[in-house]
1. Measure out, as a whole number of angstrom, how far apart the alpha-carbon centroids of region 128-178 and region 31-78 sit.
2. If each residue's Cβ is checked for other Cβ atoms within 10 Å, how do 144, 207, 170 rank with the fewest at the top?
3. Working out 0.36 nm times the residue gap between residue 65 and residue 3, then minus their Cα-Cα distance, what length gain in nm do you get to one decimal?
4. Hey, what angle do you get for helix 81-90 against the long axis of the chain, alpha-carbon based, 0 to 90 degrees rounded to 10?
5. Hey, rough spin-label estimate for residue 264 and residue 212, points 7 angstrom out along Cα→Cβ, what's it come to in nanometres?
6. In whole angstrom, and with the biggest value first, how far do the Cα coordinates of region 135-298 range along each principal axis?
7. If we count other beta carbons within 10 Å of each Cβ, what is the order of 66, 149, fewest first?
8. Suppose each label sits 7 Å from its Cα in the direction of the beta carbon; what would the residue 139-residue 348 distance come out to in nanometres?
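Each value in this text was obtained by applying a stated rule to the coordinates, not by laboratory testing. No experiment lies behind these values; they were computed from the predicted model shown. A quick note on method: Cβ atoms are made from the backbone with ideal geometry, for glycine too, and the neighbour counts reach across all protein chains shown.
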């Protein structure tokens, strides 16, 4: 029996859409990347020609309203995620939205409400790619008490991404586009939460070391409105304590890592060109690489999961709107704590 035909429309054919989503969709039988729209008609036409997409739209509203489109993949900056998602769901389209979910919790709540109003439609947020390879193996170790009772978690995302102050302002440094998410905070918190569960309390500080950057639109300086250094102390629902070190302004930094420390052992995961993990228990002289059976190794299959869920063949595992809303609560709590100078309890039930 032939697979259900699904025609996907692309709103924002950015780098990740070109690298992962379009090739991923095209590997699935019965799926067609049918249309594309970018920020201008000229840009949309250029993308369609480069990517071999048959239909072009002058504005995203036209793509969302097109009855020929079954599902919408949103690859824009976060400032459009909520409005395009809600419109697409209300138009009867399935939605795969690029991360971060939205600029802030209020916009994320609009998206979550729209998805709940249309339970017949699949609504998925593109997940953090970090930890997918080792997800099952580490979950297995934790569930079988490899590290015992969890005591501490360390989350590190510190490098020189924004160290060169002469470079043009990046969209991730513009809160009007990117919202409250800072550096790799969201992507690493999402990854860690898959293993350790929810956070119950945060206390944060943040800073912008260089307040201006050259504008991408001309030879003037414009304000940097997203912090380039963040430190967070947390308490997890399981009783463990956490520390986050996030920076884009340090030279020779440690990169991206997650450490899980327990009463019996330790697990460390490092994210770079390859994903590596080490494990060690009490009375062992040193940590050793985590050797994974082939049937435990995970990987990127976001597009296949999205289409499989539409076809009723599987459920969305990474990442539902509900789980994305949880990490948006964390992001909001960090911003509130840094602004107020006080600890913030989670969940933020008044907005949920």
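1. 31 Å
2. Starting with the residue having the fewest Cβ neighbours, the order is 144, 207, 170.
3. Taking 0.36 nm per residue and subtracting the Cα distance, the gain is 19.9 nm.
4. In the chain, helix 81-90 runs at an angle near 50 degrees to the longest axis.
5. Spacing of the two 7 Å Cα→Cβ label points: 5.8 nm.
6. Principal-axis extents of region 135-298 (Cα, largest first): 58, 32, 28 Å.
7. Details: 66 19, 149 11.
Lowest count first: 149, 66.
8. It works out to 2.8 nm between the two label points.
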